[in-house]
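The values are calculated or read from the model by the stated rules, or taken from the named source; none is laboratory data. All values derive from a computational prediction rather than experimental measurement. Because the Cβ atoms are built from the backbone with ideal geometry, glycine has one as well, and the counts that use them run over all protein chains shown. Areas reflect the complete protein model, heavy atoms only, side chains present, ligands, DNA and RNA absent. Shrake-Rupley method; radii C 1.70, N 1.55, O 1.52, S 1.80 Å.
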Amino acid sequence: MLFAAATIALLVAMGLALARAFLGPTVYDRILAVNAFGTKTVLMIAVLGFLSGRPEFLDIALLYALINFIGTIAVLKFVRYADLGKGTREHDREALR
Amino acid sequence: MPSEPSQSGTNGQGRRPDRAAHSAALLVAMLATWLLLSGYFEAFLLTLGAMSCVLVVAIARRMDVIDRESFPIHLTARLLTYWPWLLKEIWLAAVDVTKRVLSPRMPISPTLIDLEATQRSDLGQVIYANSITLTPGTYTIRIHENRILVHALSREGAESLAGGDMDRRVTALEAG
Amino acid sequence: MELLRDILAWGLVLGGCFFTVVGAFGLVRLPDVYTRIHSAGIVDTVGAGLLLAGLTLYGGFTIVTVKLLLILAFIFFTSPAACNALANAMYSAGIKPVLAKDDEGGGS
């Protein structure tokens with residue numbers, strides 16, 4: 001009962017975040033919305049684990065929390081430099097010298 | 001975790017003397033994490049887990065990423081008194097932002113404010129900047145040469161931050 | 001005792017849900033990107049914190065508790081970094097925040 005209510009609340013919140021991702025207007029709005037959506041997904045997976053009585057779901061939530069962060073940073077870097085390897089090649093060249 | 005290893009370096013630069021202590025702390029932390037996350041306690045799997053932890057510490061040492069900055073065990077004891085205060089601040093700020101978002105008139109007054117960070121080390125400044133960001137209603141846009149550019153949702157939030165309470169606490173945390 | 005724990009767990013989980021929905025609502029309602037980040041911040045700190053604390057209390061102290069606390073720690077450590085990276089990228093890209101006018105009196 002409690003977890004069903006929590007699931008519904010999280011679904012509402014996820015819907016609102018999706019609305020912001022669709023509305024934009026700038027690309028940063030969308031990145032922010034996707035990041036917030038990811039946080040809610042982590043909470044949702046955790047609650048679903050309790051709802052279905054399968055706490056193994058928490059391992060997935062744990063991973064998702066990390067992937068969400070890495071994904072946000074990667075997309076931001078790509079938007080900013082249009083190049084995910086930016087900075088590393090110069091560093092490698094320095095190291096080889 | 002070891003609470004206060006004896007250190008000679010004063011300003012976040014002294015890396016060599018305490019590398020062994022940091023490696024040991026990292027190893028202990030990783031072993032604990034492995035045990036808690038896997039939940040297996042058979043001899044074979046325990047051996048594999050211990051081996052992978054040792055391998056990761058070896059790689060981290062070779063990459064030279066173990067130092068006071070990446071693994072600040074010297075702050076552990078003081079962090080334990082700082083975090084409860086930070087949690088209280090987060091709670092109060094979240095309630096304030098919630099009221100502003102929900103009230104029909106939406107009484108927000110977005111403000112940019114330039115603050116001085118009095119911490120001496122980079123680590124201290126990062127702790128300060130992240131504390132500002134974690135507190136709802138204010139977040140750090142950038143740090144440059146001891147100046148922190150902060151965006152605040154309301155003028156009151158910016159003023160309370162300019163009062164410098166958090167800055168003093170983080171400086172005390174860093175210096176001890 | 002059991003009852004008290006359940007009531008507290010309910011309160012925490014429902015409180016977490018409330019703050020999560022409010023944060024998402026602010027994401028839609030607030031006027032520009034810079035202010036929306038504040039709203040997303042509520043979800044990351046108080047929303048996630050209360051919800052996961054409630055689940056911890058509900059599950060009792062087992063290995064599940066440790067995992068929940070780890071999730072919470074990851075969220076608390078990564079969310080300011082992501083938020084700062086986003087704000088910094090916006091600011092560098094030249095997007096100007098909408099600021100309150102000085103004579104308006106602003107907040108409440």
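Examine region A:41-49 for a residue that is modelled with pLDDT under 90 and more than 30 Å from residue B:39 (Cα to Cα), and state whether such a residue exists. Among the residues of region A:41-49, not one is modelled with pLDDT under 90 and more than 30 Å from residue B:39 (Cα to Cα), which makes the answer no. Each residue in region A:13-59 was checked for being over 15 Å from the mean Cα position of the chain (by Cα), hydroxyl-bearing (Ser, Thr, Tyr) and more than 24 Å from residue C:50 (Cβ to Cβ), and 1 pass.
May I ask you to list the residues in region B:70-98 that are farther than 19 Å from residue B:168 by Cβ and at the interface with chain C (Cβ under 9 Å from one of its Cβ atoms)? Spell out how you get there, then give the answer.
Applying the first criterion (farther than 19 Å from residue B:168 by Cβ) to region B:70-98 yields B:70-74, B:76, B:91, B:94-98.
Once the filter is applied, which keeps residues that are farther than 19 Å from residue B:168 by Cβ and at the interface with chain C (Cβ under 9 Å from one of its Cβ atoms), region B:70-98 yields B:91, B:94, B:95, B:97, B:98.
Taken over region A:17-46, the residue count meeting the criterion of being more than 7 Å from chain C (Cβ to nearest Cβ) and either outside any loop (DSSP other than H, G, I, E, B) or open to solvent by less than 40 Å² (accessible area, probe 1.4 Å) (or both) is 13.
Taking the numbered list (1) touching a Phe, Trp or Tyr at 6+ places or on another chain (Cβ under 6 Å); (2) surrounded by fewer than 18 Cβ atoms within 10 Å (Cβ to Cβ) in turn, residue B:61 passes all entries but (1).
Whether any residue in region C:5-24 is open to solvent by 10 Å² or more (accessible area, probe 1.4 Å) and more than 21 Å from residue A:2 (Cα to Cα) is what I want to check. No: region C:5-24 contains no residue that is open to solvent by 10 Å² or more (accessible area, probe 1.4 Å) and more than 21 Å from residue A:2 (Cα to Cα).
Candidates are the residues of region B:99-116 that are open to solvent by 20 Å² or more (accessible area, probe 1.4 Å) and more than 10 Å from chain C (Cβ to nearest Cβ); the one that is farthest from residue B:165 (Cα to Cα) is B:104.
Regarding residue C:70, is this residue crowded, with 24+ Cβ neighbours inside 10 Å and within 15 Å of residue A:61 (Cβ to Cβ)? Taking the combined requirement at face value, the residue does not satisfy it.
Please specify each residue of region C:71-81 satisfying the condition of being within 11 Å of residue B:130 (Cβ to Cβ) and over 13 Å from the mean Cα position of the chain (by Cα). Residue satisfying the conditions is C:81 alone. Looking at the structure I just gave you, is residue C:52 open to solvent by 10 Å² or more (accessible area, probe 1.4 Å) and at negative phi? No, not satisfied. For region A:61-87: of the residues being open to solvent by 70 Å² or more (accessible area, probe 1.4 Å) and over 15 Å from the mean Cα position of the chain (by Cα), which is nearest to the other protein chains (Cβ to nearest Cβ)? The qualifying residue nearest to the other protein chains (Cβ to nearest Cβ) is A:80. Restricting attention to region B:151-167, the residues that are assigned to a loop (DSSP other than H, G, I, E, B), more than 21 Å from the chain's Cα centre (by Cα) and farther than 19 Å from residue B:103 by Cβ add up to 1.
Of the candidates B:143, B:148, the single residue that is within 29 Å of residue B:26 (Cα to Cα), free of Cβ contacts under 8 Å to residues at least 40 places away in the same chain, part of a strand (DSSP E or B) and not assigned by TED's automatic domain parsing to the domain that holds residue B:25 is B:143. Here C:60, C:41 are screened, and the one residue that is open to solvent by less than 40 Å² (accessible area, probe 1.4 Å), at pLDDT below 90 and at positive phi is C:60.
Take the conditions more than 9 Å from chain C (Cβ to nearest Cβ), in a helix (DSSP H, G or I) and open to solvent by 10 Å² or more (accessible area, probe 1.4 Å) and apply them to residue A:14. Does it pass?
Details: more than 9 Å from chain C (Cβ to nearest Cβ): no; in a helix (DSSP H, G or I): yes; open to solvent by 10 Å² or more (accessible area, probe 1.4 Å): yes.
When the stated conditions are applied, residue A:14 does not pass them.
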